[in-house]
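Okay, structure first, notes after.
The values are calculated or read from the model by the stated rules, or taken from the named source; none is laboratory data. None of the values given here were measured: they were computed from a predicted structure. Reconstructed Cβ throughout: ideal geometry from the backbone, glycine too, with neighbour counts over all protein chains shown. Areas reflect the complete protein model, heavy atoms only, side chains present, ligands, DNA and RNA absent. Shrake-Rupley method; radii C 1.70, N 1.55, O 1.52, S 1.80 Å.
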Amino acid sequence: MISLLLSAALSLAAPMVLADAEELEALRALEDDKLITARERATAILKARRSMVATYVMGYVHFIGEGNFPRARFLFDAAKRALLARYGDPPQDPDARAWHRQILRDQRWLMGNMDLREAELAIIDEHDREYTPKLDAWRIWPLIKLGRFEEARAIGLRLKEAEDEVDRLKAYNGLLTIEDELRHRQGSWDWSTRAVEATQGRSCVILENTGLSARRVLNIEQIEPLQQRAIKAEERDCPNSPYLGLSTAHLIAGRFQPSIAAMKEVRAEPRSGQARMQNEMQIRGRFVEILYALGQLGPALERAEEIIDWPDRKGTSSISQETQMLSDLLLHAAVIEARLIELRERFAARGLVQSVALYQEAQALLVSRWEKRRMAHRLAADPTRFLDLMRPYWTDVVPWYAGISLDVFGLGATRAALAAARAVDDEPIPRLRAYYDALEAELLWREGALAAAERKIEAALAEIPELDALLRLRLLALGVDAARRLRGEVDEAAWHALLTGWPTALRILDVALPAHVTHDGAPLSAAIAARLGASPRLTRGPFEVAVGQIEGRTRLCVRAPGGFQYSCAEVTAEINAQAADDEARIIAAIDAFHAEALAPKVELTQRDINSLDGSPIRVDAKQAISELLGDTP
């Protein structure tokens, strides 16, 4: 998803003329970015009389301040009609012409935000009939969105040497986007690197889009450095915070705490109502990925639903509304499947009576899954859209959870699409085959062809870089499960990497840890151990889950055969004391084991949790996410 290069923040270019004293106050408030004041002044004027200036001010406030694009469109149209009715069409008075240009400028930008590309080009035509310099550079993006690539390319090639810096930036951004839209991995990367060199690394959006192009050519090592440069870029022309891409880069690499910290930076940056209409759900989507990776499935599912119900407009990105929705549906599917697996874990800890509410939730989730899959199937009926999902790093569905397509579309359809994508995605890109092998390995594993799956996993892991850590760990989870099921083999080194890197993969993939349960002899510990043995997350093997009581607290710890302790879940003495009976204590302990002992540890600094000594401390994923959600004091 390549991003549009933004112009500088909208400012009032028209002179403070054609306005009386009251209208001037509204305009000055607008210039000072005091949008509430501007709205109040304009509203008061319009209650008393008609006013072109006040109507324009209201349009601006609805556009930038509130993100109410349809209302802004109506008001800008009304302001322009009032201006032309009084001063002629086109106006000849110099001050009226300045106002005419101002309104056309804002209408063009609004049409772009609404993704109304024909209307945007019509506004540009209206401008260029009367005014110079012409807006040729602004034609590139709507032409790309309309699929008129050769027209856009011709303008880009002409303007990449232009004297005007904005024209050059837009030309290069258009040229790299054209290659991306044509599915040319290397072409997108080549134009991106040329753009960085030509612009001397000063443009945020050029650097960020180059980071996306690095994904296309599977140059994973370059993603984070490019995002860091985008954050520091002199030209703040990104449509979204570059910290968002940095958060994603950290997550791909399995660096959970830095990913959370970068997401906090995204949220710390102020955004207008106009910006929220374009990218709020994009931000939430990346946050859902963090929640999903950390096993926080309840909060993840809630936000995944919001993304589907309130999709972003796509005016500032090259991706179509339909492709974005399909990607969002796949993310929702990944979360809902993991939530259903989590409910099966909880069923195992409960009797029939205690499971009634869980069964009701499961039924509701199955209905929602059916509805969302139907939506995904309709959108994937477009073959290009379906194949793009199979292409590694071509949509927001990143490889570390792209295996969800096997659930949504079925093994047969996905196999055919995967083969077709391999056939057309045939550029000589290093590592490309390995990423296709990764998805095929999961397909074979789901089919039960475990020996073939192992071979594909080995081939993929030989080439996929270490920085693509979550994908590697997902493959590792598939591999250790296949080895155990085929030969009863337990590769302790592989399990160690998985349990220290991303134990959530076991829950997401419904893989069992080969472990036996021990206890300290306390009656409650013995009861918990007996019940925990039925967990779908455990199967008999050399690892150990040790259950014990310590000063009223219950602890459940995962240990390696040699005694190394990976992580522990704990039920506090207060919770145990408040529990109605031992049955409630058993359920609380087993739920805690699944949610905490099989989740990554997240390191947070003083900035994140206000620790007293300023040194990093370790907390579990639930605590980290609660703090990010504002649930902790």
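Which is the longest part of the chain that has none of the trypsin sites (Lys or Arg not before Pro) sitting in a DSSP loop with at most 10 other Cβ atoms within 10 Å? With a cap of 10 other Cβ atoms within 10 Å, the longest stretch comes to 51-633. Residues in the stretch 270-276 carry Karplus couplings, in order, of x, 9, 7, x, 4, 5, 4 Hz; the curve used is 6.51 cos²θ - 1.76 cosθ + 1.60 with θ = phi - 60°, and Gly or Pro positions show x.
With Cα atoms as the point set, the stretch 25-82 shows a radius of gyration and Dmax of 10.1, 26 Å. In the structure shown, do any of Lys170/Lys264; Lys134/Lys170; Lys34/Lys232; Lys170/Lys232; Lys232/Lys264; Lys80/Lys160 have a Cα-Cα gap over 24 Å, and if so which? Flagged as over cut-off: Lys170/Lys264; Lys34/Lys232; Lys80/Lys160. Going by the alpha-carbon gyration tensor, a ≥ b ≥ c the square roots of its eigenvalues, is the stretch 103-154 rounded (a/c under 1.5) or, if a/c is not under 1.5, prolate (a/b greater than b/c) versus oblate? Here the stretch 103-154 falls in the oblate category. Derived scalar couplings between HN and Hα for the stretch 431-439 equal 6, 4, 4, 5, 5, 5, 4, 4, 5 Hz in order, rounded to whole Hz, by the Karplus curve 6.51 cos²θ - 1.76 cosθ + 1.60 (θ = phi - 60°), x for Gly and Pro. Taking the chain as the reference, fit the longest principal axis to its C-alpha atoms, fit the long axis of helix 69-87 to the helix C-alpha atoms, and give the angle between the two in degrees, 0 to 90, nearest 10. The angle comes out at about 10 degrees.
Peptides 330-338, 356-364, ordered by how many other C-beta atoms sit within 10 Å of their residues on average, highest first, read 330-338, 356-364. Taking a quarter of the surface of the Cα convex hull of the stretch 512-571 gives a mean projected area of 3.8 nm². Taking a ≥ b ≥ c as the square roots of the Cα gyration tensor eigenvalues, with a/c under 1.5 meaning rounded and otherwise prolate when a/b beats b/c, else oblate, which class fits the stretch 423-519? It comes out prolate by the Cα gyration axes.
Of the GluC sites (Glu not before Pro) found in the stretch 427-488, the ones in coil according to DSSP and having at most 12 other Cβ atoms within 10 Å of their Cβ are Glu466. Per-residue 3J(HN,Hα) values for the stretch 394-411, derived from phi via the Karplus relation 6.51 cos²θ - 1.76 cosθ + 1.60 with θ = phi - 60°, read 10, 10, 5, 7, 7, x, 5, 10, 5, x, 5, 4, 5, 6, 6, 9, x, 5 Hz in sequence order (x marks Gly and Pro). Helix-only arithmetic for the chain: the sum of -39500 (n - 2.57) across DSSP H runs with n ≥ 4, divided by the residue total, places the mean residue ellipticity at 222 nm at -20000 deg cm²/dmol. Residues whose amide H comes within less than 5 Å of that of His519, counting only those at least five positions distant or on another chain, are Val547 (H built at 1.01 Å from N in the peptide plane).
Amide hydrogen proximity for Thr539: with H placed 1.01 Å from N in the peptide plane, the residues at 5 or more positions away or on another chain lying under 5 Å are Leu513, Ala515. Using Cα centres only, tell me the gap between the stretch 251-316 and the stretch 325-354 in whole Å. Between the Cα centres of the stretch 251-316 and the stretch 325-354 lies a distance of 20 Å. Which whole-number percent of Cα pairs in the chain have a distance greater than 30 Å? Taking all Cα-Cα pairs of the chain, the fraction more than 30 Å apart is 60 percent. Taken over the stretch 392-447, the convex hull of the Cα atoms encloses 77 Å³ per residue. Over the stretch 164-226, the Kirkwood radius and the radius of gyration, each from Cα atoms, give a ratio Rg/Rh of 0.95.
A 1.4 Å probe run over the stretch 207-284, with the rest of the protein chains in place, finds 33 Å² accessible per residue. For the stretch 195-306, rounded, prolate or oblate, judged on the Cα gyration tensor with a ≥ b ≥ c (square roots of eigenvalues), a/c < 1.5 rounded, else prolate if a/b > b/c? Verdict is oblate for the stretch 195-306. Over all Cα atoms in the stretch 241-297, the spread is summed up by Rg and Dmax: 11.2, 33 Å. The antiparallel fraction among DSSP beta bridges confined to the chain stands at about 70%. The C-alpha atoms of the chain define a longest principal axis, and helix 523-532 lies at about 60 degrees to it. Computed over all pairs of different Cα atoms, the Kirkwood value for the hydrodynamic radius of the stretch 241-342 is 13.9 Å. If both residues of a DSSP beta bridge must be in the stretch 495-601, then about 65% of such bridges are antiparallel.
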